[in-house]
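Comments concern the structure below.
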Amino acid sequence: RAFARSARPIHCRLGRGRRRALVPDSAPQPPAAPQSEPLGVTMKLLGALAAGFAAVVGASKVHRHQSHRSGRSSGAGGSLRGERDGSFVKPPEIEHRLRICNAFPDRAALDVFRGRTEELTSAGPLAYKDCRDFSSPLKSGDRLEFKIGDTRSGTFAVNDLPSSDSVLLLVVRRHGASSLAMAFESHIYASLENAQIAVIDAYSGKARARAVIVDAAKNASIARRDELRFDSVVAVAPGHYELDLGAPDGAQKVKQDLVALRRESYVVMRMGVEAEAGESFPEELVVYPHSPAEALHSAAGPKDAISMLALAFAAVLATCSANAS
């Protein structure tokens with residue numbers, strides 16, 4: 001039985017290169033699935049963060065293409081109507097967490113700058129297959145500069161930002177097997193109760209593959225499995241899963257574990273390159289972040305909390321009845 005069923009999604013597209021990005025519909029999101037039965041909410045990825053990110057790709061030098069603006073400004077940084085000096089009513093503080101993943105196959109690590117001077121990776125460059133979260137606040141008009149050594153670079157321009165707390169995913173990848181230019185994949189995670197998994201194909205080469213998610217719970221009588229389509233996002237209930245990367249004929253290539261926690265945002269990336277120019281790197285499956293399995297048992301869900309409260313209340317009633325008799 002499939003557990004990553006389609007639902008009414010946020011309609012958007014993952015764009016590569018110069019494709020235009022679509023903006024999410026204004027229709028309300030589907031409700032989160034009950035914890036007793038995992039729910040899959042299939043969504044397509046944004047081409048430039050759904051709130052209006054736009055990518056500008058670069059090779060040996062930064063090529064400044066015209067940014068594709070998607071959507072109108074959310075006005076998150078503006079003031080509330082009628083606000084005046086000294087008022088205790090103020091706009092809410094919005095927190096945007098930027099998650100950058102280096103899927104560009106290279107021996108040299110990735111340096112990230114905001115503008116030309118502020119180095120986001122001052123604690124150390126981002127190695128190939130690594131991801132890192134940055135809390136440095138972004139604003140409309142920012143330009144993120146990416147450099148690998150002295151020969152490869154790229155620029156990602158920020159147009160508009162969402163008006164709510166969000167995790168903004170940006171994956172730096174190779175433009176193709178015959179090109180050393182940079183390309184970008186991006187996504188903004190929705191606010192869901194269940195765990196979300198963005199599935200990105202950053203592999204460059206002729207090899208084809210398909211990804212499958214398997215319910216790895218030990219108490220499951222039947223191991224349920226479902227296909228994870230590349231360049232899409234699914235939502236699953238908290239649990240322990242196995243991710244299989246296989247060839248179209250079913251032969252398994254790579255396997256990874258995934259511990260999915262409630263309200264966490266994950267990215268699964270197929271990486272590597274069958275290079276026509278430069279060094280080749282093997283096909284791999286990378287998962288981020290890596291949540292500990294112990295967290296599944298320590299984080300009680302709402303239904304667990306209600307059950308525990310009901311048991312405690314029943315114990316109090318039993319004690320009162322015993323004392324009354």
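The values are calculated or read from the model by the stated rules, or taken from the named source; none is laboratory data. Here the structure is a predicted model, which is why all the values come from computation and not from measurement. Cβ sites come from the backbone with ideal geometry, for glycine too, and all protein chains shown count toward neighbours. Accessible surface is based on the protein model in full, side chains and every heavy atom, while ligands, DNA and RNA are left aside. Shrake-Rupley method; radii C 1.70, N 1.55, O 1.52, S 1.80 Å.
Values for this structure:
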read-out: Condition broken by Thr155, with the remaining ones in (1) open to solvent by 50 Å² or more (accessible area, probe 1.4 Å); (2) polar (S, T, N, Q); (3) in contact (Cβ under 8 Å) with a residue 60 or more places away in the chain satisfied; value: (1)
read-out: Unmet requirement for Ser140, which otherwise passes all of (1) modelled with pLDDT of 85 or more; (2) crowded, with 17+ Cβ neighbours inside 10 Å; (3) on the phi < 0 side of the Ramachandran plot; value: (2)
read-out: Arg173 in contact (Cβ under 8 Å) with a residue 60 or more places away in the chain, within 28 Å of Ala235 (Cα to Cα) and open to solvent by 10 Å² or more (accessible area, probe 1.4 Å); value: yes
read-out: Residue check, Gly250 within 23 Å of Ala209 (Cα to Cα) and either crowded, with 18+ Cβ neighbours inside 10 Å or at pLDDT below 95 (or both); value: yes
read-out: Evaluation of Ser204 against (1) crowded, with 17+ Cβ neighbours inside 10 Å; (2) within 17 Å of the chain's Cα centre (by Cα); (3) of a type in the set (Ser, Thr, Tyr) (one fails), failing number; value: (2)
read-out: Any chance Ala223 is assigned to a loop (DSSP other than H, G, I, E, B), touching a residue at least 60 places away in the same chain (Cβ under 8 Å), under 24 Å from Val287 (Cβ atoms) and touching a strand residue (DSSP E or B) at 6+ places or on another chain (Cβ under 9 Å); value: no
read-out: Residue list for region 226-247, filter: open to solvent by less than 30 Å² (accessible area, probe 1.4 Å) and assigned to a loop (DSSP other than H, G, I, E, B); value: Ala237, Ala247
read-out: Test: residue in region 274-283 that is part of a helix (DSSP H, G or I), at pLDDT 50 or above and farther than 27 Å from Arg229 by Cα; value: no
read-out: Subset of region 99-109 (residues that are in a strand (DSSP E or B) and either modelled with pLDDT under 95 or closer than 17 Å to Glu279 by Cα (or both)); value: Asn102, Ala103
read-out: Pair list, Cβ < 8 Å and 6+ apart or interchain, from region 101-114 residues that are closer than 13 Å to Thr151 by Cβ to residues that are modelled with pLDDT under 95 and small (Gly, Ala, Ser); value: Asp106/Gly149; Ala108/Gly149
read-out: Matching strands (runs of 3 or more DSSP E) fully within region 121-183 where at least 1 residues are touching a helix residue (DSSP H, G or I) at 6+ places or on another chain (Cβ under 7 Å); value: 166-176
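Residue-wise test of (1) under 23 Å from the mean Cα position of the chain (by Cα); (2) over 30 Å from Ala108 (Cβ atoms).
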position	(1), (2)
Ala216	yes, yes
Ala223	no, yes
Glu227	yes, yes
Ala237	yes, yes
Leu245	yes, no
Gln256	yes, no
Gly278	no, no
